[in-house]
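Worksheet for the structure shown next.
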Amino acid sequence: MTEPSLFAGSAEPLAARMRPRTLDGFLGQEHLLGPGKALGELIRKGDVGSCILWGPPGSGKTTLAKIIANYTERHFEPFSAVTEGVARVREIIKQAEERLKYEGRGTILFCDEIHRFNRAQQDAFLPWVENGIVTLIGATTENPSFELTGALLSRCTVYVLEPLRDEEIRTIVEKGAVETGRGKREGGRVLTDAAIDVIARYAHGDARQGLNAVEHVLNEGYSSPFPLPLSPEAVIALLEKPLPIYDKSGDEHYNLISALHKAVRGSDVEGALYWLARMLAGGEDPLYLARRIVRIAVEDIGLADPRALTVALAAKDAYHFLGTPEGELALAEAVIYLATAPKSNKVYEAFGRASAAAEEHPAEPVPLHIRNAPTKLMDDLGYGAGYQYAHAHDNAYAPQEYLPEALRGARWYEPTEFGYEKTVKERMEWWEKLKKEAGTEKKE
């Protein structure tokens with residue numbers, strides 16, 4: 001016979017029941033709330049102004065906003081930018097004005113998912129934040145620098161929340177199991193220590209996900225065929241496969257692709273493979289990754305190993321031909337090749353300098369001797385006069401100028417001593433020597 005459902009006594013989810021109401025009960029974010037830290041001290045003094053809480057899901061943004069309201073003795077007014085609009089903001093402002101006038105009590109307007117508001121909607125907060133009618137606390141999972149207006153940011157302090165550490169999630173999960181009333185059975189516990197570790201890892205630093213997971217496991221565990229106490233394997237089966245945290249259009253997308261690029265640039269094979277695997281497991285388009293791998297080949301390896309570009313393009317073609325999952329191995333091969341290749345960004349730098357020169361000198365005339373002369377008029381005007389055909393000279397090299405007069409002597413590409421670029425450097429120095437010798441002979 002199974003035990004009564006966990007929900008029989010309360011319809012409120014475990015994550016909501018477990019929400020701490022004081023700083024002492026709040027786990028994590030020591031860099032903001034620890035002894036001597038600014039936000040923690042401001043909360044204890046009841047002197048928190050308008051702010052933006054930026055952090056991943058389940059890091060405690062809503063909980064922290066409610067704690068701030070408790071410590072400052074202000075009315076807490078929750079608001080969601082997903083389901084409500086500016087009209088509702090005006091209602092809240094009117095109520096806040098009356099509350100301040102007749103009760104002398106301030107209002108915290110907590111705007112969840114504030115990045116969902118467009119710029120005009122965000123600007124609607126400005127006058128009320130400035131005159132102190134409300135204290136705005138905005139919560140966002142997206143980078144405020146990109147998603148919020150400069151005017152709003154200038155009036156708010158941004159606090160960055162981090163994902164909770166595994167040990168903090170583990171503590172929360174253990175407390176959650178006790179709170180459900182089902183974490184123990186006659187003669188022992190329902191969850192082994194190893195099973196709790198699995199739930200903590202499943203949460204990916206998200207307290208809400210951890211509590212939802214323990215709630216689900218304990219509800220299903222009693223009626224499942226798995227013996228008690230539940231093993232790690234049973235927990236995994238009950239939870240099914242957790243998806244990696246990844247948003248293909250959000251801030252984490254850019255964080256992960258940056259990590260992949262920098263790991264390859266830093267010649268860290270294991271790091272590069274891990275971030276590649278993370279993005280693929282999260283559902284990233286493999287051809288997007290293939291394009292970035294090609295970019296890495298030309299930006300960070302360049303002519304230190306010209307084969308890098310060939311390998312990267314071959315990996316792209318292989319994936320296109322094979323598809324998932326077989327083609328993903330070609331991307332992994334390319335990532336390993338690029339990570340272990342000699343590195344040079346000199347092509348990248350040279351093209352940047354040449355582009356800057358083209359912007360600075362957009363209308364320099366092509367030297368006459370390297371112009372084409374397909375008509376008699378052009379020939380009469382001196383087009384092509386004095387041009388030296390390289391193949392008619394020893395070593396297929398003719399010491400002549402190819403840049404406009406204003407840019408003569410420019411050196412944008414400076415090859416390194418690494419890989420094939422060392423050969424390129426020697427060749428360029430040899431041509432430069434021939435050019436100088438030819439110039440000396442002309443002077444004599």
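The values are calculated or read from the model by the stated rules, or taken from the named source; none is laboratory data. Values in this document were obtained by computation on a predicted structure and should not be read as measured data. Note that we place each Cβ from the backbone using ideal geometry, even for glycine, and neighbour counts take in every protein chain shown. Ligands, DNA and RNA are stripped out before the accessible areas are found, and what is left, the full protein with its side chains, is counted by its heavy atoms. Shrake-Rupley method; radii C 1.70, N 1.55, O 1.52, S 1.80 Å.
Odds and ends about this structure:
- Calculated [222 nm] ellipticity per residue, helices only, for the chain: -15500 deg cm²/dmol; basis is -39500 (n - 2.57) per DSSP H run with n ≥ 4, divided by all residues, nearest 500.
- Largest accessible area first, the residues THR375, THR140 order themselves as THR375, THR140 under a 1.4 Å probe with ligands, DNA and RNA left out.
- Shape parameters for the stretch 1-121, alpha-carbon atoms, Rg then Dmax in Å: 17.0, 59
- Only protein heavy atoms count here; under a 1.4 Å probe, MET18 has an accessible surface of about 40 Å².
- Considering only alpha-carbon pairs that sit under 8 angstrom and 6 or more positions apart, the relative contact order computed for the stretch 98-209 is 22 percent.
- Taking θ as phi - 60° and the Karplus parameters 6.51, -1.76 and 1.60, the scalar couplings of the stretch 332-342 work out to 5, 4, 5, 4, 5, 4, 5, 5, 9, 7, x Hz in sequence order, x denoting glycine and proline.
- The equivalent ellipsoid that matches the C-alpha gyration tensor of the chain spans semi-axes of 62, 33, 18 angstrom, in descending order.
- The alpha carbon gyration tensor of the stretch 393-444 gives principal lengths a ≥ b ≥ c with a/c of 1.5 or higher and a/b no greater than b/c, which makes the shape oblate.
- Accessible surface ranking for LEU303, LEU39, 1.4 angstrom probe, highest first: LEU303, LEU39.
- Folded to 0 to 90 degrees: helix 251-265 orientation relative to the chain principal axis, Cα: 40
- Our summary gives the chain a relative contact order of 11 percent, counting only alpha carbon pairs under 8 angstrom and 6 or more residues apart.
- Computed extension length for ARG371-ASP317: 15.6 nm, one decimal, from 0.36 nm per residue of separation with the Cα-Cα distance subtracted.
- In this structure, the pairs whose alpha-carbon distance is over 27 Å, taken from LYS66/LYS175; LYS61/LYS101; LYS37/LYS262; LYS45/LYS101, are LYS61/LYS101; LYS37/LYS262.
- Charge sum, other residues only, whose C-beta stays under 14 Å from ARG353's C-beta, Lys/Arg counted +1 and Asp/Glu -1: -2
- Order of exposure, largest accessible area first, which applies to SER258, SER344 with probe 1.4 Å: SER258, SER344
- Amide H to amide H distances under 5 Å link LEU230 with LEU191, THR192, where only residues 5 or more positions off or on other chains count and H is placed in the peptide plane.
- Taken one residue at a time, the phi angles of the stretch 346-363 give Karplus couplings (6.51, -1.76, 1.60, θ = phi - 60°) of 5, 5, 4, 5, 4, 5, x, 5, 5, 5, 5, 5, 5, 6, 6, 10, x, 10 Hz. Gly and Pro are set to x.
- Relative contact order of the stretch 332-394, taken over Cα pairs closer than 8 Å and 6 or more residues apart, is 21 percent.
- Beta bridge orientation in the chain: antiparallel %, DSSP, nearest 5: 10
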